[in-house]
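Have a look at the structure below, then the notes.
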Amino acid sequence: MIAHVRRLTALCTLAAALTACGSAPAPAPQPARPAPSAASPVAPPPTLAAGPAGLTPVFVHGPRTGHGKPLALTFDADMTADEGDRAAAGEHFDNPGLIAALRALKVPATVFMTGRWADQYPAQARSIGRDPLFEVGNHSYSHYAFTDDCYGLPTVSADRMRADVERAYTAFRKAGVPHPMPYFRFPGGCHDRRALKAIGATGVTAVQWDVVGGDAFATDADAVIRQVLDGVRPGSVVVLHCTRSAAPTTERVVRTVVPELRARGYRLVKVSELIGAAAGSAPTHPTLGA
């Protein structure tokens with residue numbers, strides 16, 4: 001009996017040593033996991049500072065010196081508010097072949113789109129707006145001029161200018177363009193102090209150009225090619241068009257010009273990159289000339 005008790009006591013002692021009298025062993029310490037890092041905020045697109053009295057700043061071209069030879073090809077997707085009947089009758093204000101060429105050549109580009117164009121071609125607007133190769137700028141809703149006597153365009157009154165810009169952004173959102181840029185191109189490029197003041201509250205940077213491609217209503221692609229190649233300089237902004245009916249040569253121009261520009265050492269970029277480079281070096285007051 002005594003021996004049996006001793007054996008039980010020994011077993012209990014051993015069990016106590018192993019299990020602390022029936023309690024579960026403490027888990028081995030685990031290395032602390034690093035705290036999840038906060039997501040980096042997305043930087044807003046670069047813009048130029050507003051000018052005196054809240055005038056909209058105007059960007060014409062990027063710095064002429066600096067890293068590489070950056071150059072921006074821009075394309076105006078024009079459609080005037082009253083051209084719906086012409087589109088319904090079969091006129092093409094879009095140019096899918098041009099967009100396909102830009103994609104095939106891997107050309108970053110800025111497309112200045114009217115809200116009326118986005119309404120007419122929402123699937124194309126959405127496709128362009130969601131492609132990281134491109135960025136969408138605002139070309140007004142109506143494509144009516146913001147000054148008198150602007151290439152025969154109808155005019156928008158001063159009290160409707162801001163609303164016309166904002167209506168275009170509404171059309172982009174409706175079409176599914178997720179991140180339109182705060183860049184605005186005046187229809188025809190026509191602007192004056194009154195127009196710059198009228199849209200100042202929208203916070204956009206107006207984007208002009210220093211190289212006219214000359215593709216609007218052109219039928220001679222070779223002449224347009226020569227005009228682009230002869231006009232470009234580092235930092236240039238080239239204006240072309242994304243409208244088959246009004247600019248039928250543009251796809252051919254792009255397919256020829258892009259390889260030649262690259263052979264000359266140019267680096268094709270979006271307008272946002274040029275504005276970002278200019279923001280730290282260029283004056284922040286509006287430049288009224290093109």
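The values are calculated or read from the model by the stated rules, or taken from the named source; none is laboratory data. These numbers were taken from a predicted model, which means no experiment stands behind them. As a convention, Cβ positions derive from the backbone with ideal geometry for all residues, glycine included, and neighbour counts pool all protein chains shown. For the accessible areas, the whole protein counts, side chains as well, though only heavy atoms, and no ligand, DNA or RNA atoms are used. Shrake-Rupley method; radii C 1.70, N 1.55, O 1.52, S 1.80 Å.
Pairs meeting the criteria (first residue in region 263-274 and open to solvent by 20 Å² or more (accessible area, probe 1.4 Å), second residue charged (D, E, K, R), beta carbons under 7 Å, at least 6 apart or on different chains) are 265/69; 266/69; 267/69; 270/135; 272/135.
To keep it simple, each residue is scored yes or no on (1) in contact with a helix residue (DSSP H, G or I) (Cβ under 6 Å, 6 or more places away or on another chain); (2) charged (D, E, K, R).
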{"position": "71", "(1), (2)": "no, no"}
{"position": "91", "(1), (2)": "no, yes"}
{"position": "102", "(1), (2)": "no, no"}
{"position": "175", "(1), (2)": "yes, no"}
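As for region 116-124, it holds no residue that is open to solvent by 20 Å² or more (accessible area, probe 1.4 Å), over 16 Å from residue 82 (Cα atoms) and part of a loop (DSSP other than H, G, I, E, B). For region 159-180, indicate whether the set of residues that are at pLDDT 95 or above, open to solvent by less than 10 Å² (accessible area, probe 1.4 Å) and in a loop (DSSP other than H, G, I, E, B) is non-empty. Scanning region 159-180, I find at least one residue that is at pLDDT 95 or above, open to solvent by less than 10 Å² (accessible area, probe 1.4 Å) and in a loop (DSSP other than H, G, I, E, B), so the answer is yes. Evaluating residue 69 against the criteria (1) at pLDDT below 90; (2) within 28 Å of residue 255 (Cβ to Cβ) leaves one unmet condition, (1). Mind checking which residues of region 68-108 are open to solvent by 40 Å² or more (accessible area, probe 1.4 Å) and in a helix (DSSP H, G or I)? Once the filter is applied, which keeps residues that are open to solvent by 40 Å² or more (accessible area, probe 1.4 Å) and in a helix (DSSP H, G or I), region 68-108 yields 85, 86, 88, 96, 100, 103, 104.
Looking at region 247-256, is at least one residue in contact with a helix residue (DSSP H, G or I) (Cβ under 7 Å, 6 or more places away or on another chain) and farther than 30 Å from residue 123 by Cα? No, because not a single residue in region 247-256 is in contact with a helix residue (DSSP H, G or I) (Cβ under 7 Å, 6 or more places away or on another chain) and farther than 30 Å from residue 123 by Cα.
Every residue, every condition in (1) surrounded by fewer than 24 Cβ atoms within 10 Å (Cβ to Cβ); (2) at pLDDT 95 or above; (3) not in a loop (DSSP other than H, G, I, E, B), yes or no:
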site	(1), (2), (3)
215	no, yes, no
227	yes, yes, yes
235	yes, yes, no
248	yes, yes, no
253	no, yes, yes
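For residue 48, the criteria (1) in a loop (DSSP other than H, G, I, E, B); (2) of a type in the set (A, V, I, L, M); (3) surrounded by 24 or more Cβ atoms within 10 Å (Cβ to Cβ) hold in every case but one, which is (3). Scanning region 166-217 for residues that are in contact (Cβ under 8 Å) with a residue 40 or more places away in the chain, within 21 Å of residue 134 (Cα to Cα) and of a type in the set (A, V, I, L, M, F, W, C) turns up 168, 171, 172, 175, 177, 181, 184, 186, 204, 206, 207, 209.
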